[in-house]
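The values are calculated or read from the model by the stated rules, or taken from the named source; none is laboratory data. Since this is a predicted model, take the numbers as computed values, not measurements. All Cβ positions, even for glycine, are placed from backbone atoms using ideal geometry, and neighbour counts span all protein chains on display.
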Amino acid sequence: MMITCPNCGSLRTRPLHRGRKTGAGLGMTAGSVGGLTGALSGAESGALVGAWAGPVGLTLGSLAGAVFGGLMGGTAGGITGARLGSELDNRVLDNHECQACGHTFRP
């Protein structure tokens, strides 16, 4: 669907995705912080799994569990934040910009 500028009628418009970008960044940050909490339990779980391999397995299991917990938290937070930001783009923010006159608008 072609979106025209309500100011000048140009077809040269582009979406800005400000809400999605901001939401993804904030969500990823919050998810990573939450993931650090999960990383502690992940490190404990990894240590239990790696304990049968001795001290090296204990260390590697703890590290792998912590990294996995942080990555999963950051990913989940980023996806959730991007979805919320997309809804803000569609319903609240002036998400399109005319490349001919610079006017920003909501379609």
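Can you pull out every residue in segment 18-45 that is surrounded by fewer than 17 Cβ atoms within 10 Å (Cβ to Cβ) and in contact with an Asp or Glu (Cβ under 9 Å, 6 or more places away or on another chain)? Across segment 18-45, the qualifying residue is only Arg18. Enumerate the pairs (first residue in segment 74-100 and over 12 Å from Arg20 (Cβ atoms) and of a type in the set (A, V, I, L, M); second residue anywhere and at pLDDT 90 or above and assigned to a loop (DSSP other than H, G, I, E, B)) with beta-carbon separation below 6 Å, excluding pairs fewer than 6 apart on the same chain, so at least 6 apart or on different chains. The qualifying pairs are Ala100/Cys8; Ala100/Ser10; Ala100/Arg12. Report, by residue number, each residue of segment 69-107 that is of a type in the set (A, V, I, L, M, F, W, C), in a helix (DSSP H, G or I) and more than 13 Å from the chain's Cα centre (by Cα). Answer for segment 69-107, where residues must be of a type in the set (A, V, I, L, M, F, W, C), in a helix (DSSP H, G or I) and more than 13 Å from the chain's Cα centre (by Cα): just Leu88. When you look at Met2, is it at pLDDT 80 or above and part of a helix (DSSP H, G or I), yes or no? The answer is no for Met2.
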